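This is the structure I want to talk about, given as structure tokens.
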Amino acid sequence: QVQLVESGGGLVQAGGSLRLSCVVSGRTFSEYTMGWFRQAPGKEREFVAVISWNRISIYYADSVKGRFTISRDNAKNTVFLQMNSLKPEDTALYYCATTRTMYSSTISTSTSTYAYWGQGTQVTVSS
């Protein structure tokens, strides 16, 4: 019943920006931590960013620190990933996900922590 739908991906040249969105339905969005992950061809799915249910805790992968910003609008059941200064290395299928437990006091970069996933949105950065 829980569904996540990503959007906002596309083709952009190096140095450009994109904003990804993920709309969640089927659960009380504000009670759960949200994360963004990505997977490039031939690579394992990797952590990108996470924001806690109360928006107090935020954590980024080293590869995107200073360039990406995660945020959420609980009134709209939506989590965002603002991506600036994009590099070809950022090319991947980007997924949003939500945790299994509500009101979590900690944040996690592990895929096993997340119970529900979207279908992904493709981001391609050209040189």
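Enumerate the strands (runs of 3 or more DSSP E) found wholly within the stretch 60-127, keeping only those where 1 or more residues are in contact with a Gly (Cβ under 7 Å, 6 or more places away or on another chain), aromatic (F, W, Y) and closer than 29 Å to T28 by Cβ.
The qualifying strands (runs of 3 or more DSSP E) are 92-99, 114-117.
Does the stretch 1-46 hold any residues that are closer than 17 Å to L81 by Cα, open to solvent by 40 Å² or more (accessible area, probe 1.4 Å) and in a strand (DSSP E or B), and which are they?
Of everything in the stretch 1-46, those that are closer than 17 Å to L81 by Cα, open to solvent by 40 Å² or more (accessible area, probe 1.4 Å) and in a strand (DSSP E or B) turn out to be V5, S7, L11, R19, V23, Q39, E46.
On to the next question. Quick one: would you say R45 is free of Cβ contacts under 8 Å to residues at least 60 places away in the same chain, touching a helix residue (DSSP H, G or I) at 6+ places or on another chain (Cβ under 9 Å) and within 21 Å of T124 (Cα to Cα)?
In short, no.
If I ask for residues that are open to solvent by 40 Å² or more (accessible area, probe 1.4 Å) and either touching a Cys at 6+ places or on another chain (Cβ under 6 Å) or on the phi > 0 side of the Ramachandran plot (or both), which ones from the stretch 90-110 would you list?
Of everything in the stretch 90-110, just one residue is open to solvent by 40 Å² or more (accessible area, probe 1.4 Å) and either touching a Cys at 6+ places or on another chain (Cβ under 6 Å) or on the phi > 0 side of the Ramachandran plot (or both), namely Y103.
What pairs come out if I take residues in the stretch 7-30 that are charged (D, E, K, R) and pair them with residues that are open to solvent by 40 Å² or more (accessible area, probe 1.4 Å) whose C-beta lies under 6 Å away, six or more apart or interchain?
These pairs meet every condition: R19/Q82.
Could you grab me the full set of residues in the stretch 34-60 that are modelled with pLDDT of 95 or more, farther than 19 Å from P88 by Cβ and among the polar types (S, T, N, Q)?
Answer for the stretch 34-60, where residues must be modelled with pLDDT of 95 or more, farther than 19 Å from P88 by Cβ and among the polar types (S, T, N, Q): there is none.
Among the residues in the stretch 82-89, are any in contact with an Asp or Glu (Cβ under 6 Å, 6 or more places away or on another chain), open to solvent by less than 10 Å² (accessible area, probe 1.4 Å) and not acidic (D, E)?
Scanning the stretch 82-89 turns up no residue that is in contact with an Asp or Glu (Cβ under 6 Å, 6 or more places away or on another chain), open to solvent by less than 10 Å² (accessible area, probe 1.4 Å) and not acidic (D, E).
Another question, if that's okay. Can you spot a residue in the stretch 61-75 that is open to solvent by 50 Å² or more (accessible area, probe 1.4 Å), closer than 15 Å to T111 by Cα and touching a residue at least 24 places away in the same chain (Cβ under 8 Å)?
Scanning the stretch 61-75, I find no residue that is open to solvent by 50 Å² or more (accessible area, probe 1.4 Å), closer than 15 Å to T111 by Cα and touching a residue at least 24 places away in the same chain (Cβ under 8 Å), so the answer is no.
Do the conditions hold for I58, that is, is it among the hydrophobic types (A, V, I, L, M, F, W, C), surrounded by fewer than 16 Cβ atoms within 10 Å (Cβ to Cβ) and within 17 Å of S110 (Cβ to Cβ)?
Answer is yes for this residue.
The values are calculated or read from the model by the stated rules, or taken from the named source; none is laboratory data. Predicted, not measured: the structure shown is a model, and the values here were computed from it. With ideal geometry, Cβ positions are generated from the backbone for all residues, glycine too; neighbour counts draw on all protein chains shown. When the accessible area is computed, the model is the full protein with side chains, heavy atoms only, and any ligands, DNA or RNA have been set aside. Shrake-Rupley method; radii C 1.70, N 1.55, O 1.52, S 1.80 Å.
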